[in-house]
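What follows is one structure encoded as structure tokens, with my remarks underneath.
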């Protein structure tokens, strides 16, 4: 299913959109967004080790009783942040944790090894270890172990895709993609050889990048159900080559794929739109994510 969410570009909406874009590209945009994000709408357990390395730490956001589903079953979403595998940290994505936990999901946001210190496949291996921790601890956290999802934005969407599509990574830590109820990619790069981005070149040791590092190479009938979201005017990750090709190949293999394309969002505002302070930017992005993981899709 392909859904488009166009918005008028004139008048007050255009001014608001420009203001939001400016907010997200300011000196400390995520700090501003997180500062405006409620802190009383979820439970929190932070700085948990999923491995021994300094970057192998994660935070957990849990729903308050009032936001639990009527049957008590809660999905668990492991969210991987973007940053060209070169920057970012879990604390900066409080707004994602709040958006999902306040509506009934348990959310795990891990750090992972970043380039140039760590290169492919270390960040995928870290992501697999974090996802395995989430699978093993889902019941303890109050989530349904059969409703675990991996989700990511930009390079984090790549991480999520590799875990969902390439069984090597979870298999190495005693897990399997079959344990996922689905995966969610927001503006993820799934087919990007030859590599042009300088940071990505370092992260993947270009030109000695193995062809099987590309998620699209692993799209098959074994993939879990899939939700793909992209901005049609994304200038950083080509939505046709990446989201479009992934959707086409998975559907051809018989996988259930839902896609949403947004004319009024950019690569950055696609993820920013899930934050309460920025949901007026366009979209909406959060409702299809909530619906995909089995939660009420109210904005």
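The values are calculated or read from the model by the stated rules, or taken from the named source; none is laboratory data. These numbers were taken from a predicted model, which means no experiment stands behind them. For neighbour counting, all protein chains shown are included, and Cβ atoms are generated from backbone atoms with ideal geometry for every residue, glycine included.
From the list 97, 156, which one is touching a strand residue (DSSP E or B) at 6+ places or on another chain (Cβ under 6 Å) and without any contact (Cβ under 8 Å) to a residue 60 or more places away in the chain? Spell out how you get there, then give the answer.
Values: 156 fails: without any contact (Cβ under 8 Å) to a residue 60 or more places away in the chain.
It is 97.
Can you tell me which residue is nearest to residue 158 (Cα to Cα) among those in segment 237-261 that are loosely packed, with under 15 Cβ neighbours inside 10 Å and touching a residue at least 12 places away in the same chain (Cβ under 8 Å)?
Within segment 237-261, the match that is nearest to residue 158 (Cα to Cα) is 241.
Within segment 22-52, restricting attention to residues that are within 20 Å of the chain's Cα centre (by Cα), farther than 20 Å from residue 78 by Cβ and surrounded by 15 or more Cβ atoms within 10 Å (Cβ to Cβ), which residue is modelled with the highest pLDDT?
33
When segment 190-213 is examined, which residues are found to be part of a helix (DSSP H, G or I), free of Cβ contacts under 8 Å to residues at least 40 places away in the same chain and surrounded by 15 or more Cβ atoms within 10 Å (Cβ to Cβ)? Walk me through it before giving the result.
Step one: of segment 190-213, the residues part of a helix (DSSP H, G or I) are 198-203, 211-213.
Checking which are free of Cβ contacts under 8 Å to residues at least 40 places away in the same chain leaves us with 198, 201, 211.
201 - this is the single residue of segment 190-213 that is part of a helix (DSSP H, G or I), free of Cβ contacts under 8 Å to residues at least 40 places away in the same chain and surrounded by 15 or more Cβ atoms within 10 Å (Cβ to Cβ).
I'd like to verify a number: residues in segment 53-67 that are at pLDDT 95 or above, touching a helix residue (DSSP H, G or I) at 6+ places or on another chain (Cβ under 9 Å), surrounded by fewer than 19 Cβ atoms within 10 Å (Cβ to Cβ) and over 14 Å from residue 125 (Cα atoms), how many?
0
If a residue has to be surrounded by 16 or more Cβ atoms within 10 Å (Cβ to Cβ) and either closer than 24 Å to residue 226 by Cα or modelled with pLDDT under 95 (or both) to count, how many in segment 69-91 make the cut?
14
With surrounded by fewer than 24 Cβ atoms within 10 Å (Cβ to Cβ), touching a helix residue (DSSP H, G or I) at 6+ places or on another chain (Cβ under 6 Å), modelled with pLDDT of 95 or more and farther than 21 Å from residue 165 by Cβ as the only criterion, which of 144, 111 stands out?
111 is the lone residue from the list that is surrounded by fewer than 24 Cβ atoms within 10 Å (Cβ to Cβ), touching a helix residue (DSSP H, G or I) at 6+ places or on another chain (Cβ under 6 Å), modelled with pLDDT of 95 or more and farther than 21 Å from residue 165 by Cβ.
Inspect all residues belonging to segment 177-188 and state whether any of them is farther than 30 Å from residue 294 by Cβ, out of contact with any strand residue (DSSP E or B) (no Cβ under 6 Å at 6 or more places or on another chain) and touching a residue at least 24 places away in the same chain (Cβ under 8 Å). If you could, list the steps in order and put the result at the bottom.
As a first pass, look at segment 177-188 and keep what is farther than 30 Å from residue 294 by Cβ: none.
No: segment 177-188 contains no residue that is farther than 30 Å from residue 294 by Cβ, out of contact with any strand residue (DSSP E or B) (no Cβ under 6 Å at 6 or more places or on another chain) and touching a residue at least 24 places away in the same chain (Cβ under 8 Å).
Among 216, 250, which is the only one that is over 18 Å from residue 287 (Cα atoms), in contact with a strand residue (DSSP E or B) (Cβ under 7 Å, 6 or more places away or on another chain) and either modelled with pLDDT of 95 or more or assigned to a loop (DSSP other than H, G, I, E, B) (or both)? Spell out the reasoning first.
Values: 216 fails: in contact with a strand residue (DSSP E or B) (Cβ under 7 Å, 6 or more places away or on another chain).
Of the residues listed, the single one that is over 18 Å from residue 287 (Cα atoms), in contact with a strand residue (DSSP E or B) (Cβ under 7 Å, 6 or more places away or on another chain) and either modelled with pLDDT of 95 or more or assigned to a loop (DSSP other than H, G, I, E, B) (or both) is 250.
Quick one: would you say residue 269 is part of a helix (DSSP H, G or I), in contact (Cβ under 8 Å) with a residue 12 or more places away in the chain, crowded, with 16+ Cβ neighbours inside 10 Å and within 18 Å of the chain's Cα centre (by Cα)?
Details: part of a helix (DSSP H, G or I): yes; in contact (Cβ under 8 Å) with a residue 12 or more places away in the chain: yes; crowded, with 16+ Cβ neighbours inside 10 Å: yes; within 18 Å of the chain's Cα centre (by Cα): yes.
Yes; evaluated as a whole, the condition is true for this residue.
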